[in-house]
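Everything on this sheet refers to the single structure shown next.
The values are calculated or read from the model by the stated rules, or taken from the named source; none is laboratory data. Since the model is a prediction, treat every value here as computed from it, not as a measurement. Every residue, glycine as well, gets a Cβ built from its backbone with ideal geometry; the counts of neighbours run over all protein chains shown. When the accessible area is computed, the model is the full protein with side chains, heavy atoms only, and any ligands, DNA or RNA have been set aside. Shrake-Rupley method; radii C 1.70, N 1.55, O 1.52, S 1.80 Å.
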Amino acid sequence: VFLGIFMESNKSPIKKNIIIPLFPLPTTVFYPNTSLPLHIFEPRYRNMVTDALKGDGEIGMILLKSGWENDYQGTPEIMTIGCMGRIERHSQLPEGKYNILLSGLRRFRILNEIEGKLYRQARVELLDEINDQDLIADTLSIKQRLIKNMGQYLKNIHNGEEVEQSLDLDSCAKLAELVDRIVYHFDLPTSKMQEFLEEQDVQKRAVSLHSLIKLKNQLIQISKNMKDKGIDFSMN
């Protein structure tokens with residue numbers, strides 16, 4: 001699995017309860033309004049992509065719970081909430097392998113898993129965003145605070161300019177879109193990424209994210225100040 005630049009997704013489906021294939025991974029948390037390139041090589045997931053391409057191209061990305069190593073080839077435990085995406089581009093490789101680009105659509109909650117395929121599939125409930133807001137011009141202060149602080153953070157990482165171009169935050173029409181794009185490209189542990197995915201309240205996500213970015217910027221500044229003074233804080 002590797003990260004790619006954002007591709008704008010199609011409009012979310014109107015259906016609320018649907019059956020989708022599940023693609024569980026141990027360290028990947030996917031979000032709406034982001035994109036995820038994937039190399040598909042396991043037979044069961046090659047079969048999943050083949051089937052998906054015959055239909056709407058929809059796949060549900062879901063995080064494996066800790067301890068998955070003991071039963072990876074079987075049905076290890078997975079989280080309840082994931083993100084559904086649609087295959088935007090694909091190329092078939094020798095031996096039936098695929099490279100695909102998945103575009104994030106909607107959060108979902110698993111209602112029940114369904115047997116009958118080589119890969120896992122489930123009936124899921126598509127989740128609505130709560131307390132979302134339109135981003136009209138410069139009238140939403142949280143938007144400006146997030147963009148300002150994220151810009152400051154990106155100036156201090158080696159590929160910040162590239163990430164900033166990928167984010168394209170000024171094009172975001174909704175607060176949920178802005179927050180999800182930033183979280184997806186922010187340096188967070190997998191467990192925290194899952195927390196943001198599970199939080200349906202967009203305002204709460206925005207406030208939490210703003211606090212995390214401010215904290216990260218403060219830590220970066222402290223580190224710089226200590227280095228300027230010749231203090232090797234790594235030895236303390």
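Starting from region 59-79, keep only residues that are under 20 Å from E125 (Cβ atoms) and part of a loop (DSSP other than H, G, I, E, B), then list their pairs with residues that are among the polar types (S, T, N, Q) and at pLDDT 70 or above whose Cβ atoms are within a distance under 9 Å, requiring at least 6 positions of separation or different chains.
Filtered contacts from region 59-79: E77/S66; M79/Q194.
Does L118 count as aliphatic (A, V, I, L, M) and buried (at least 18 other Cβ atoms within 10 Å of the Cβ)?
no
Residues that are open to solvent by 20 Å² or more (accessible area, probe 1.4 Å) and within 20 Å of E129 (Cβ to Cβ): list the helices (runs of 4 or more DSSP H) wholly contained in region 142-236 that include at least 2 such residues.
Those helices (runs of 4 or more DSSP H) span 175-185, 190-198, 202-228.
Need pairs with beta-carbon distance below 9 Å; first residue closer than 15 Å to L219 by Cα and within region 144-170, second open to solvent by less than 50 Å² (accessible area, probe 1.4 Å) and part of a loop (DSSP other than H, G, I, E, B); sequence gap 6+ or separate chains.
Taking only residues 6 or more apart or on different chains, the pairs are M150/F186; Y153/F186.
How many residues, within region 121-141, are outside any loop (DSSP other than H, G, I, E, B) and surrounded by 13 or more Cβ atoms within 10 Å (Cβ to Cβ)? Write out each step before concluding.
At the first step, the residues of region 121-141 found to be outside any loop (DSSP other than H, G, I, E, B) are 121-126, 130, 134, 141.
Within this subset, residues satisfying the condition of being surrounded by 13 or more Cβ atoms within 10 Å (Cβ to Cβ) are 121-126, 130.
Number satisfying all stated conditions: 7.
Among the residues that make up region 113-126, is at least one of them more than 14 Å from M48 (Cα to Cα), under 22 Å from the mean Cα position of the chain (by Cα) and of a type in the set (A, V, I, L, M, F, W, C)?
Yes, region 113-126 contains a residue that is more than 14 Å from M48 (Cα to Cα), under 22 Å from the mean Cα position of the chain (by Cα) and of a type in the set (A, V, I, L, M, F, W, C).
Say whether the condition of being within 18 Å of E177 (Cα to Cα), among the β-branched types (V, I, T) and out of contact with any His (no Cβ under 6 Å at 6 or more places or on another chain) is met by at least one residue in region 99-122.
Checked region 99-122: no residue is within 18 Å of E177 (Cα to Cα), among the β-branched types (V, I, T) and out of contact with any His (no Cβ under 6 Å at 6 or more places or on another chain).
Hey, can you tell me all the residues within region 214-236 that are closer than 24 Å to N159 by Cα and either polar (S, T, N, Q) or at pLDDT 95 or above (or both)?
Listed by number, the residues that qualify are N217, Q218, Q221, S223, N225, S234.
Of all residues in region 79-96, which are modelled with pLDDT of 95 or more and either surrounded by 15 or more Cβ atoms within 10 Å (Cβ to Cβ) or on the phi > 0 side of the Ramachandran plot (or both)? It would help to see each step written out before you state the result.
At the first step, the residues of region 79-96 found to be modelled with pLDDT of 95 or more are 79-91.
Passing the criteria: M79, I81, G82, C83, M84, G85, R86, I87, E88, H90.
Out of the residues in region 42-58 that are touching a residue at least 12 places away in the same chain (Cβ under 8 Å) and outside any helix (DSSP H, G or I), state the one that is most open to solvent (accessible area, probe 1.4 Å).
D56
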